[in-house]
Amino acid sequence: MEIKASQVKELREITGVAMMDCKKALLECEGDLQKAVDFLRSNSALKAEKKSSRTAADGILQANVSENFSTIIEINSETDFAAKDEKFLSFAEDVKNFISDTKITDINFVNDSVIEDKRKTLVQTIGENIQLRRLETLEHTSEQNVGLYMHSDSKLAALVVITGGSKEIAKDIAMHVAAFNPLCLSENDIDKKVLEREKAIYLNQAQDSGKPEDIMQKMVDGKIKRFLSEVSLISQSFVKDPDITIQDYIEQNNCLINSFVRLKVGEGIEIESKSFADEVAEQLK
């Protein structure tokens, strides 16, 4: 049967789905608009599942600071182009509102919520794999100060909770955390597995030098000391004043850092590299 352009346009306005998919749905449902809407809705989960295997390493972060908790969440897309789409940004705003209303510590809670239906619809609409990958939530009291730093492209963010000081000081430290990516608050807080891995690397390097045993040990100890100073937040040189450390900064402002977290979009995701020929062949399939 013939499907008019006006019918396709109306269905697209209702669902936000691509024109070609709208036309196929109307043909499948013999021009019945309501049935076509239901058809597209019922197929959104299937399409989302098919696209879920594709790597989504781009996207943006959303963050919220509430009275007793603060959260950063990573929302991934396959491309930066999709991450700037109005519908994607509207979905991201829905996610932000969701994490603002409820303290969430497990990303699965979000993925099992009403947000999941919206995600599947968005996948169908823009044609990319969209994922809520991870989140971090810090608890705090209303008396503590929380600093949120979000980079201008919304792909890098940090939260810091301090006792004393001010919100401005907390934000300064959050900016530093975003820039320097500390692994721990102090040297005593370093993950033991990380420390042992670094020691093993430095020991191998020392053994390759052919130095005496006692000299090798001093070489390893020196490198470990430098490593700890570089990855421990309070030992790092302050991003806004390299002449002082973060420890100096918090002492000057009579405050204490309680917790911090940092997220960067796509961090840790391995992206498969494809040649142009491979991409063309995949499209032809």
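Only one of these is more than 17 Å from the chain's Cα centre (by Cα), in a helix (DSSP H, G or I) and polar (S, T, N, Q): 141, 125. Name it. Step through it out loud before you land on a result.
Working: 141 fails: in a helix (DSSP H, G or I).
Answer to the check: 125.
Any idea how many residues of segment 210-252 are open to solvent by less than 50 Å² (accessible area, probe 1.4 Å), part of a helix (DSSP H, G or I) and of a type outside the set (Val, Ile, Thr)? Please lay out each step first, then the result.
Taking segment 210-252 as the starting set, the residues that turn out to be open to solvent by less than 50 Å² (accessible area, probe 1.4 Å) are 216, 220, 222, 224, 227-229, 231-236, 238, 244-246, 249-250.
When the remaining residues are screened for being part of a helix (DSSP H, G or I), the result is 216, 220, 222, 224, 227-229, 231, 233-235, 246, 249-250.
Next cut, of a type outside the set (Val, Ile, Thr) only: 216, 222, 227-229, 233, 235, 249.
Here the count works out to 8.
Would a scan of segment 132-142 turn up a residue that is open to solvent by less than 30 Å² (accessible area, probe 1.4 Å), at pLDDT below 95, in contact with an Asp or Glu (Cβ under 9 Å, 6 or more places away or on another chain) and among the polar types (S, T, N, Q)?
no
Among the residues of segment 128-145, count how many are in contact with a helix residue (DSSP H, G or I) (Cβ under 6 Å, 6 or more places away or on another chain) and either within 12 Å of residue 70 (Cβ to Cβ) or among the polar types (S, T, N, Q) (or both). Before the answer, list the steps.
Just the residues of segment 128-145 that are in contact with a helix residue (DSSP H, G or I) (Cβ under 6 Å, 6 or more places away or on another chain), to begin with: 128-130, 132, 134-135, 145.
This time we only want the ones that are either within 12 Å of residue 70 (Cβ to Cβ) or among the polar types (S, T, N, Q) (or both), so: 129, 135, 145.
Qualifying residue count, segment 128-145: 3.
Scan segment 74-81 and tell me whether some residue there is open to solvent by 10 Å² or more (accessible area, probe 1.4 Å) and over 20 Å from residue 125 (Cβ atoms). Steps first, please.
Step one: list which residues in segment 74-81 are open to solvent by 10 Å² or more (accessible area, probe 1.4 Å), which gives 78-81.
After this cut, where a residue has to be over 20 Å from residue 125 (Cβ atoms) as well, the list is none.
No.
Going through segment 99-108 one residue at a time, which ones are surrounded by fewer than 21 Cβ atoms within 10 Å (Cβ to Cβ) and either under 16 Å from the mean Cα position of the chain (by Cα) or not in a helix (DSSP H, G or I) (or both)? Give the steps one after another, and end with the answer.
Here is the first cut: in segment 99-108, the residues surrounded by fewer than 21 Cβ atoms within 10 Å (Cβ to Cβ) are 100-108.
102, 103, 104, 105, 106, 107, 108, listed by residue number.
Quick grid of which residues meet (1) of a type in the set (A, V, I, L, M, F, W, C); (2) assigned to a helix (DSSP H, G or I):
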position	(1), (2)
147	no, no
154	no, no
159	yes, no
163	no, no
168	no, yes
172	no, yes
175	yes, yes
178	yes, yes
188	no, yes
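For residue 93, are the conditions met, namely being modelled with pLDDT of 90 or more and assigned to a helix (DSSP H, G or I)?
On the way: modelled with pLDDT of 90 or more: yes; assigned to a helix (DSSP H, G or I): yes.
It is true that residue 93 is modelled with pLDDT of 90 or more and assigned to a helix (DSSP H, G or I).
The values are calculated or read from the model by the stated rules, or taken from the named source; none is laboratory data. The structure presented is a predicted model; accordingly, all values stated were derived computationally and were not measured. Using ideal geometry, Cβ is built from the backbone for each residue, glycine included, and neighbour counts are taken over all protein chains shown. Side chains included, ligands, DNA and RNA excluded: accessible areas come from the protein's heavy atoms. Shrake-Rupley method; radii C 1.70, N 1.55, O 1.52, S 1.80 Å.
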